[in-house]
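**Q** Have a look at this one.
Any read-out appearing in this document is the output of simple, stated calculations on the displayed coordinates, not a laboratory observation. Since this is a predicted model, take the numbers as computed values, not measurements. So basically every Cβ, Gly included, is an ideal-geometry build from the backbone, and we count neighbours across all protein chains shown.
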Amino acid sequence: MSGIPEAPSPAMASAAPPVDRRRLMALAVAAVGVVYGDIGTSPLYTMREVFNGLHPLPVNPANVLGILSLIFWSLIIVVTLKYVVLMMRMDNQGEGGIMALTALVVKALGDEPRRRRILVALGLFGAALFYGDAMITPAISVLSAVEGLAVATPHLDPVVEPVAVAVLVVLFMLQRRGTAGVGALFGPVMMLWFSVIALLGLAQIVRAPQVLDALNPWYAVAFFAENRWQAYLALGAVVLAITGAEALYADMGHFGKRPIRLAWVGFVLPALLLNYYGQGALLLTQAEAARNPFYLLAPGWALYPLVALATAATVIASQAVISGAFSLTHQAIQLGYCPRLEVTHTSEREMGQIYMPWVNWALLAAVVALVLGFHSSSHLAAAYGIAVTATMATNSILLYVVLRHLWRWNRWVAGVLAGLLLAVDLGFFSANALKLFQGGWFPVVVGVVLFTLFSTWHRGRQLVFERLRAHELQLEPMLQSLKSNPPQRVPGTAVFLTSKPDTVPHALLHNLAHNKVLHERVVFLTVVTESVPRVSEERRVALEALADEFYRITVRYGFMDQPDIPAALARLRSHGLEFPPLETSYFLSRETLIPSLAKEGMALWRERLFATMARNAGSVTAYFRLPTHRVVELGTQIEL
């Protein structure tokens, strides 16, 4: 499974350009708005699920202090140590996420293809699990925020679901306009959110300062010693406090390491801890507050404003995972794991801001179905956690490979560190696995389905290339034969897109066979997706002149670049080669796929699945931004 980007060495990863203080603070504020939306809205439901959820704990001082200790040390070990300190050192030219980590594994195990394939498949499955989270996060976040209406006025309980659905529908309908317009509000709104929840928590801590004893890890140990099985079940709710930790790593390319780390240590972590400990202090004095300890922190007059602020915060948290789904899908397309889908650029200044209609509406349908199917955020909490913890465990396994084989750490040191982190991840995962039949099956099914689609598309394209290779002709002998027996040349430029620059494009052979002519200028154009996020404009286009007005051109893109063939060709004007729009035609090959029972192919059901995906794939013309009125498609049949 090739195509995963490679990452630079640790030395390269650590070399970052200097950032002035004002820009650093601006980036840190922006990171608060985008990166921390998911983990920042977890206080809405985490403590409630522990004491009023699927496996509720009795509300007593020992349990409250034990849970708070677990939450504190989970945030320190998993989020701060694992992601902020370790994982953020592992980047691909500044980009993070599970694909970047998988890239490091590819580099580390370059001479061990079998282990590399297994671990790349593991990384790809972790990426597929993200989509389950992208569906659950908007549903549980917005629903938990709107449920504050029922806390303020119980008579409003029947309108919670309709209001939540309405908010989500509006959110997804606005996606086509991009986040550029509202993105500037994300940081200030989330700064206000974290400030408010910190103050609400602090007010309760002042009334019951003994809650701060839970900073001592002994309370977590004593909690497990006392409750055992019930304490183990409680991990399934405690993990809700760290959902969103992957965003720290995945969004590194947008803001850089320093702003994300500064925002976490200097603002987000203290605000979260103050709120969690404030909820704990409330429970120490009012056990009945377990029905919704977050909203009951606020005085009665502040409930409606707090519901409005919480809804805004959860919309921002949802926006982050929706944008992440667009970005991950685009990377999968570039790397050859997903068929082409329509991509709309929503900003002329920010190249990473894209909108993908098919992904957007599929996510909306799934999110609305989750809200209507689970009815409450408490029920949705049962579905939340399995995908997150499975991805975290995957990261810990891949992390060991990088530490041991790429960074050359001592085997025992790397093993102990990665093993401890993996043990924590597996503890959370196994506790969440018990919720499989209460809703946890949903993200698992989503991950399995998408992994099957990704791997089938990747393998299917390999088979197509292998079948085409059996009938391909070498370019140089073909050009020599055209010299000795030249066909008629017609005015204009013909651009033939081909994946192999040294062979004759099938579209050219079909054009000669049917039309008996060649254009005055013939260009063989190959698009290469490199193993880096973005390719510099200086390296974008490479030109090689062949003979008799034949040219070979290579256009390079990174896996986060937006392909635009006409714009790339326009760069060759400085080389004396122009492509007038009304005189340039683009020739493409369109394959008709026929599933077969050939032993060297895939299983028949996968071949049929691949053929269906190919028929429904987006247009090459739209993907490469070719002018539709200048494209000629010539077809061929391929038996898989």
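**Q** Leaving out same-chain residues fewer than 8 places away, which lysines sit with a Cα under 27 Å from that of Lys516?
**A** Within reach: Lys483, Lys500.
**Q** Next question, about the same structure. Using every alpha carbon pair in region 198-351, what percent of pairs falls into each 10 Å bin from 0 up to the bin containing the largest distance?
**A** 8, 26, 30, 21, 11, 3
**Q** Sort Ser144, Ser327 so that the residue with the fewest other Cβ atoms within 10 Å of its own Cβ comes first and the one with the most comes last.
**A** Numbers: Ser144 30, Ser327 21.
The most exposed by this proxy come first: Ser327, Ser144.
**Q** Same structure again: Within straight cross-link reach of Lys82, meaning Cα distance under 30 Å, which lysines are found once same-chain residues fewer than 8 apart are removed?
**A** Output for Lys82: Lys107, Lys257, Lys435.
**Q** Quick check: residue separation of Ala225 and Leu572 times 0.36 nm, minus the Cα distance between them. What number comes out in nm? Numbers along the way, then the final one.
**A** Working: separation 347, 0.36 × 347 = 124.92 nm, distance 7.13 nm.
Extra length available between Ala225 and Leu572 comes to 117.8 nm.
**Q** Additional query: Please list 212-222, 116-126 highest first by mean number of surrounding beta-carbon atoms within 10 Å per residue. Mind showing how you got there, number by number?
**A** Details: 212-222: 16.5, 116-126: 19.9.
With the highest mean Cβ count within 10 Å placed first, the list reads 116-126, 212-222.
**Q** Same structure again: Residues of region 360-375 with amide nitrogen under 13 Å from the 7 Å Cα-to-Cβ point of Val169?
**A** 365, 368-369, 372
**Q** Fewest Cβ neighbours within 10 Å first, please rank Ser499, Ser455, Ser484, Ser323 accordingly.
**A** Working: Ser499 14, Ser455 18, Ser484 6, Ser323 22.
Listing Ser499, Ser455, Ser484, Ser323 from fewest to most nearby Cβ atoms yields Ser484, Ser499, Ser455, Ser323.
**Q** If you don't mind, another one. Which Cα, out of Tyr232, Val196, Pro533, lies furthest along the positive dipole direction of the chain (beta carbon charges, K/R +1, D/E -1)?
**A** Towards the positive end, the residue furthest out is Pro533.
**Q** Leu546 to Glu466: FRET efficiency via 1/(1 + (r/R0)^6), r the Cβ-Cβ distance, R0 35 Å, to the nearest 0.05?
**A** On the way: r = 27 Å, r/R0 = 0.76.
The calculated FRET efficiency here is 0.85.
**Q** Rounded to the nearest 0.05, what FRET efficiency do Ile76 and Ala423 have when you use their Cβ-Cβ distance and R0 = 25 Å?
**A** On the way: r = 15 Å, r/R0 = 0.62.
Computed FRET efficiency for Ile76 and Ala423: 0.95.
**Q** Sticking with this one: Just from its helices, what would the mean residue ellipticity at 222 nm be for the chain, if runs of 4 or more DSSP H residues each count -39500 (n - 2.57) and the sum is divided by every residue, rounded to the nearest 500 deg cm²/dmol? All intermediate terms of the calculation are to be shown ahead of the outcome.
**A** On the way: 27 runs with 357 residues, N = 640.
So the calculated ellipticity at 222 nm is -18000 deg cm²/dmol.
**Q** Here's something else I'd like to know. Can you pull the one-decimal nm distance between simple spin-label points at Asp20 and Arg115, each 7 Å off the Cα toward Cβ?
**A** Using points 7 Å along Cα→Cβ, the separation is 4.8 nm.
**Q** So, one more: Computed over the Cα atoms of region 190-282, what is the ratio Rg over Rh, Rh following Kirkwood? Intermediate values should be presented prior to the final figure.
**A** Values: Rg = 15.6 Å, Rh = 15.1 Å.
Ratio of gyration radius to Kirkwood radius for region 190-282: 1.04.
**Q** Starting from the Cα-Cα distance between Glu538 and Arg489, subtract it from 0.36 nm times their residue separation and give me the gain in nm to one decimal. Before the final figure, lay out each step's value.
**A** Working: separation 49, 0.36 × 49 = 17.64 nm, distance 3.32 nm.
Full extension from Glu538 to Arg489 adds 14.3 nm.
**Q** Using R₀ = 35 Å, calculate the FRET efficiency as 1/(1 + (r/R₀)^6) where r is the Cβ-Cβ separation of Thr612 and Leu372; round to 0.05. List each step's numbers first, then the result.
**A** On the way: r = 29 Å, r/R0 = 0.82.
Computed FRET efficiency for Thr612 and Leu372 comes out at 0.75.
**Q** Would you mind ranking Glu112, Glu246 by Cβ crowding within 10 Å, fewest neighbours first? Don't skip to the end; give the middle numbers.
**A** Values: Glu112 13, Glu246 26.
Least to most surrounded, the residues fall as Glu112, Glu246.
**Q** Moving on. Assuming a ≥ b ≥ c are the square roots of the Cα gyration tensor eigenvalues, decide whether region 468-639 counts as rounded (a/c under 1.5), prolate (otherwise, with a/b larger than b/c) or oblate.
**A** On the way: a/c = 1.81, a/b = 1.23, b/c = 1.47.
The shape class here is oblate.
**Q** Further question on the same structure: Over the chain, what per residue volume does the convex hull of the Cα atoms give, in whole Å³? Kindly include the intermediate steps, with their values, before the conclusion.
**A** On the way: hull volume 106.4 nm³, N = 640.
Value for the chain: 166 Å³ per residue.
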